[in-house]
Amino acid sequence: MGSSEGTGPPYVGALAHQLYRLARERVVQSIRDAGGTDVHETHLPVFSYPLPDGMRPADLARRLGMSRQAGNHAIQQLEALGYLERRPAPGGGTRRLVYLQPRGWRIAEAIWASMRALEAELAAEVGEERFATFMAVLREVTAARR
């Protein structure tokens, strides 16, 4: 291994991580500002895109990369705090779906507003056209990896 190991430009992972950290800081602050002081770090993925409104608990756990048990635990915690509820699925039966409560929608809307503000801030830094191109490329390279 040469002495130049680890040098060079920051690679895509490092750059994506920096942007992720910035976005996450804004998300956490927006949740706090919206009154979500009882939302824990472990709950944040539940409020990520796409929202779990009308989703099966097992599908939510899979999307979050959690076991079914861990997913159900997070859902139970957020239900107790008034952010989510489980309701019977349309058509009857025993299946239940997860829905956002009004308190959960307030958190989601606060997150969206913070992300729109961050995007506007970044677009102002680099220019609207360049930022639009960046977003288009980002959507393209992530679309096949969802």
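For this structure, a couple of remarks:
- Leu15 being surrounded by 14 or more Cβ atoms within 10 Å (Cβ to Cβ) and within 29 Å of Glu119 (Cβ to Cβ): no
- Qualifying positions in the range 23-60 - among the basic types (Lys, Arg) and over 24 Å from Ala143 (Cβ atoms): Arg32
- Between Ile107, Ile111, Ile75, the distinction of being surrounded by 14 or more Cβ atoms within 10 Å (Cβ to Cβ) and within 24 Å of Thr142 (Cα to Cα) belongs to Ile111 only.
- When Leu60 is tested against (1) under 21 Å from Thr37 (Cβ atoms); (2) within 18 Å of the chain's Cα centre (by Cα), just one condition goes unmet, and that condition is (1).
- Taken together, the criteria place Tyr99 among residues that are in contact with a Pro (Cβ under 9 Å, 6 or more places away or on another chain) and in contact (Cβ under 8 Å) with a residue 12 or more places away in the chain.
- Hits in the range 61-116 (condition: out of contact with any strand residue (DSSP E or B) (no Cβ under 9 Å at 6 or more places or on another chain), under 22 Å from Val27 (Cα atoms) and hydroxyl-bearing (Ser, Thr, Tyr)): Ser114
- Residue count for the range 73-98 under the criterion of being of a type in the set (Val, Ile, Thr) and outside any helix (DSSP H, G or I): the result is 2.
- Residue in the range 86-93 that is within 14 Å of Phe47 (Cα to Cα), surrounded by 15 or more Cβ atoms within 10 Å (Cβ to Cβ) and not aliphatic (A, V, I, L, M) present: no
- Residues satisfying the stated conditions in the range 24-72, i.e. touching a residue at least 60 places away in the same chain (Cβ under 8 Å), in a helix (DSSP H, G or I) and surrounded by fewer than 16 Cβ atoms within 10 Å (Cβ to Cβ): Gln29, Asp33
- Selection within the range 120-140 - under 18 Å from the mean Cα position of the chain (by Cα) and either farther than 14 Å from Leu19 by Cα or not in a helix (DSSP H, G or I) (or both): Arg139
Every number here is computed from the coordinates shown, using simple stated rules; none is lab data. The structure displayed is predicted, hence computed values, not measured ones. Positions of Cβ are generated from backbone atoms using ideal geometry, with glycine treated the same way; all protein chains shown enter the neighbour counts.
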